[in-house]
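Colleague: Quick one: the structure is below, and I'll ask about it shortly.
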Amino acid sequence: MSFHFCDSMIHQYRTEGFAVFRQILPASLISDLRKATVRVPEIARNLRGPQAQRLQPVASHDIDLKPFKDYAELPPLVDAIARLLTPRHKIRNEFDRTGILIEPAERPGWTNWHRDITEESNVPDLEEFRRITRDPHWFNQINCPLYEDNCTWYVPGSYLRENFTEEVAAAIAQRPPEGASYGELERAGIVYAQGMPRAVRLSMDAGDFAIYHPNAWHLGNYLPDRKRVTIHDFAPTPELLDWYRRWSEKRASN
Ligand SMILES: O=C(O)CCC(=O)C(=O)O
Ligand SMILES: [Fe+2]
């Protein structure tokens with residue numbers, strides 16, 4: 001079935017902090033994006049080693065951006081984002097922040113459970129941050145997989161509130177010992193991801209599109225034998241871009 005926007009997605013996004021537009025990318029566009037990104041794992045691993053998690057931004061590398069422009073301007077996607085958020089939320093076509101998430105080459109790995117930006121992130125104005133981080137129309141992030149992607153886990157509704165004590169406990173990094181086998185690492189990643197109360201997994205197929213609040217609890221759990229090429233992006237308003245500019249300035253100044 002092809003994608004149809006449903007008003008219940010607006011409710012889900014506001015209460016849970018995420019929505020998945022299933023099968024919104026046409027097969028021809030998936031194919032063009034796969035071709036454009038075929039060298040991404042090699043480029044990322046040459047730069048950052050075999051465990052590289054991403055290449056970012058795509059605009060800084062030798063990648064054909066034409067299919068990315070087609071993705072950013074895809075009419076059903078532009079329309080769905082406008083209905084979910086507002087018509088002022090747009091995927092830009094500069095791709096100067098857009099990344100590609102990839103699988104590690106050698107060992108299973110994962111990010112810790114985290115919120116991307118918190119009160120401890122040297123934000124430009126703490127009072128403002130406390131307000132906007134609970135606003136569904138402010139921060140957003142996109143994962144758009146070109147191959148089946150089960151890496152991302154998410155705690156619905158957590159962007160709207162403080163941490164629960166058991167969330168802080170579940171997020172404490174539990175790194176397996178040096179020399180752990182592939183199977184032990186794989187198991188440890190699953191146990192760590194499942195250890196977060198109320199977490200759900202964003203199970204996605206090629207051509208699905210997830211948009212989510214990045215200051216909710218989330219993580220990525222990765223296996224080398226699970227190919228991953230997932231566009232990592234956002235759909236900002238001019239105000240959000242300005243906020244990121246102010247945040248960079250604040251961090252550069254101290
Ligand atoms: O891999 C993912 O889907 C999530 C990655 C992530 O949250 C991060 O790198 O901050
Ligand atoms: Fe994150």
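Colleague: Picking from H89, P67, N112, whose Cα lies most toward the positive end of the charge dipole for region 59-112 (charges on Cβ: Lys, Arg +1; Asp, Glu -1)?
Modeller: Farthest towards the positive end: H89.
Colleague: How would you rank H232, H213, H11, H137, going from fewest to most other Cβ atoms within 10 Å of each one's own Cβ?
Modeller: The most exposed by this proxy come first: H11, H137, H232, H213.
Colleague: Simple spin-label model, 7 Å along Cα-to-Cβ: E42 to R245 in nm?
Modeller: It is 3.8 nm.
Colleague: Here's another thing I want to ask about it. For region 5-25 and region 29-75, what is the separation of their Cα centres, given in Å?
Modeller: Region 5-25 and region 29-75 have Cα centres separated by 25 Å.
Colleague: Taking the Cβ of each residue in W247, W153 as the centre, tally the other Cβ atoms inside 10 Å and list the residues starting with the fewest.
Modeller: Ranked by crowding around the Cβ, least crowded first: W247, W153.
Colleague: If I take every Cα pair under 8 Å that is 6 or more residues apart in the chain, average their sequence separation and divide by the length, what percent do I get for the relative contact order?
Modeller: Contact order relative to length: 32 percent.
Colleague: Suppose every Lys and Arg Cβ carries +1 and every Asp and Glu Cβ carries -1, with no other charges. What dipole size does the chain come out with about its Cα centre, to the nearest 20 debye?
Modeller: Charge dipole of the chain: 140 debye, to the nearest 20.
Colleague: Something else now. Given a cut-off of under 8 Å on Cα pairs at least six residues apart, what relative contact order in percent is computed for region 123-215?
Modeller: Value for region 123-215: 52 percent.
Colleague: Give the span of the chain's Cα atoms along each principal axis, as three whole-Å numbers ordered largest to smallest.
Modeller: Per principal axis, max minus min of the Cα coordinates gives 50, 44, 43 Å.
Colleague: Another question, then. Pull up the cross-link candidates among the lysines for K35, meaning alpha carbon to alpha carbon under 24 Å and not fewer than 8 places away within one chain.
Modeller: Result set, ordered by chain and number: K66, K69, K227.
Colleague: If you rank V20, V58 by fewest surrounding Cβ atoms within 10 Å, what's the result?
Modeller: The fewest-first ordering by Cβ neighbours comes to V20, V58.
Colleague: Starting from 0.36 nm per residue, how many nanometres of slack lie between Q12 and V78 once their C-alpha separation is accounted for?
Modeller: Length difference between fully extended and current span is 21.9 nm.
Colleague: Any idea what the dipole of region 147-206 comes to, in debye rounded to 20, about its Cα centre with Lys/Arg Cβ at +1 and Asp/Glu Cβ at -1?
Modeller: Here the size comes out at about 180 debye.
Colleague: Using helices alone, what [θ] at 222 nm do you get for the chain, with -39,500 (n - 2.57) per DSSP H run of 4 or more residues, divided over all residues and rounded to the nearest 500?
Modeller: Calculated mean residue ellipticity at 222 nm is -10000 deg cm²/dmol.
Colleague: Provide the packing ranking of 101-111, 187-197, i.e. peptides ordered by the mean count of other C-beta atoms within 10 Å per residue, highest first.
Modeller: 101-111, 187-197
Here, each number is a calculation from the coordinates, and none is a lab measurement. Note that the coordinates shown come from a computational prediction; the quantities given were computed from them, not determined experimentally. Neighbour counts run over all protein chains shown; Cβ positions are idealised from the backbone, glycine included.
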